[in-house]
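Just below is one structure, and these are the notes that go with it.
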Amino acid sequence: MIQGLALSGFALISLACGIFMLQAAWRSKESRAKEILVGWGLVLAGLVFFSFKNGPEKGIALGLVGMAIFALAFLAWQYIQATPKAAKSTSERIAEVDRVNWTVILRRSLVFVMIAFVAGLAALSLSTGIFSLLNSVGAEHTTNLVTVMILFPLLWAGLAVIIGADKLLWRKSLITLGTGLIPLAYMMVGM
């Protein structure tokens, strides 16, 4: 019992620290690749700790719920601490509106297609690659299915955030296509 409580405590602390580091890196103005890697590493460690105590299916589910709760708590804390900005007048808001031309419309349409379709296909390819990788190492079939079913929407959402947030079209295209084509190549070579 004490060992189970210790594992749950380590899992919660690891998840909280990981989400805190990811949130701090997200709010930072400069590049923080180390903080992002450490943050995701702590989140992964929290999922592993939960899996040791509760089994793979229940552990991952509890870890994902914990991640969501901590993320919402940190966002709520930032919202409570924030000082409200002064409202802009109508003339200031109208002056800030960008002029839309055909290149802007084409770019926004391409980003929409990338988020709605290409990111979904890339997430499907990556999920299928993870499924076949876990299958090849002998993971239990039901656990494998549940893991991939949980990962697929998370991967799609993560790719959608990257596509929506990144300013450079070539970089977001490269990340999305690489995410989809690398697992596809792995599966093609493995067959």
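Determine which member of the set Lys34, Lys29 is farther than 15 Å from Ile69 by Cα, in a helix (DSSP H, G or I) and assigned by TED's automatic domain parsing to the domain that holds Ala61.
Values: Lys29 fails: in a helix (DSSP H, G or I).
Result: Lys34 is the single residue among Lys34, Lys29 that is farther than 15 Å from Ile69 by Cα, in a helix (DSSP H, G or I) and assigned by TED's automatic domain parsing to the domain that holds Ala61.
For the subset of the stretch 1-13 comprising residues that are in a helix (DSSP H, G or I) and over 26 Å from Gln78 (Cβ atoms), which member is farthest from the chain's Cα centre (by Cα)?
Keep residues of the stretch 1-13 that are in a helix (DSSP H, G or I), which gives 2-13.
Within this subset, residues satisfying the condition of being over 26 Å from Gln78 (Cβ atoms) are 2-8.
Working: Ile2: 32, Gln3: 30, Gly4: 28, Leu5: 28, Ala6: 27, Leu7: 24, Ser8: 23 Å.
Checked the stretch 1-13; the qualifying residue farthest from the chain's Cα centre (by Cα) is Ile2.
Counting only residues that are surrounded by fewer than 14 Cβ atoms within 10 Å (Cβ to Cβ), assigned to a helix (DSSP H, G or I) and of a type in the set (A, V, I, L, M), which one in the stretch 160-180 is nearest to the chain's Cα centre (by Cα)? Talk me through it step by step, then tell me what you get.
Of the stretch 160-180, the ones surrounded by fewer than 14 Cβ atoms within 10 Å (Cβ to Cβ) are 161, 164-165, 167-171, 174, 178.
Remaining after also requiring assigned to a helix (DSSP H, G or I): 161, 164-165, 169-171, 174, 178.
Narrowing further to those that are of a type in the set (A, V, I, L, M): 161, 165, 169, 174.
Numbers: Val161: 8, Ala165: 13, Leu169: 19, Leu174: 17 Å.
Top of the filtered list is Val161.
Just the residues that are of a type in the set (Val, Ile, Thr) and under 17 Å from Ala76 (Cα atoms), please, taken from the stretch 14-49. First the steps, then the outcome.
In the first step, residues of the stretch 14-49 are kept if they are of a type in the set (Val, Ile, Thr); the result is 19, 36, 38, 43, 48.
Hit for the stretch 14-49 is Ile19, nothing else.
Search the stretch 43-67 for residues being open to solvent by 50 Å² or more (accessible area, probe 1.4 Å) and hydrophobic (A, V, I, L, M, F, W, C), and hand back the single one that is farthest from the chain's Cα centre (by Cα). Break it down into steps so the answer makes sense when it comes.
Taking the stretch 43-67 as the starting set, the residues that turn out to be open to solvent by 50 Å² or more (accessible area, probe 1.4 Å) are 44, 48-49, 52-53, 56-58, 62, 65.
Checking the rest, the ones that are also hydrophobic (A, V, I, L, M, F, W, C) come to 44, 48-49, 52, 62, 65.
Details: Leu44: 12, Val48: 17, Phe49: 20, Phe52: 23, Leu62: 17, Val65: 14 Å.
My answer is Phe52.
Of the residues Val146, Val104, which is at pLDDT below 80, outside the structural domain of Leu47 (by TED's automatic domain parsing) and assigned to a helix (DSSP H, G or I)? Give the derivation first.
Details: Val146 fails: at pLDDT below 80.
After ruling out the rest, the residue left standing is Val104.
The values are calculated or read from the model by the stated rules, or taken from the named source; none is laboratory data. Note that the structure is a prediction, hence the values are computed from the model and not measured. Heads up, the Cβs are rebuilt from the backbone with ideal geometry, glycines too, and the neighbour counts pull from every protein chain shown. Ligands, DNA and RNA are excluded from the accessible area calculation, which covers all protein heavy atoms including side chains. Shrake-Rupley method; radii C 1.70, N 1.55, O 1.52, S 1.80 Å.
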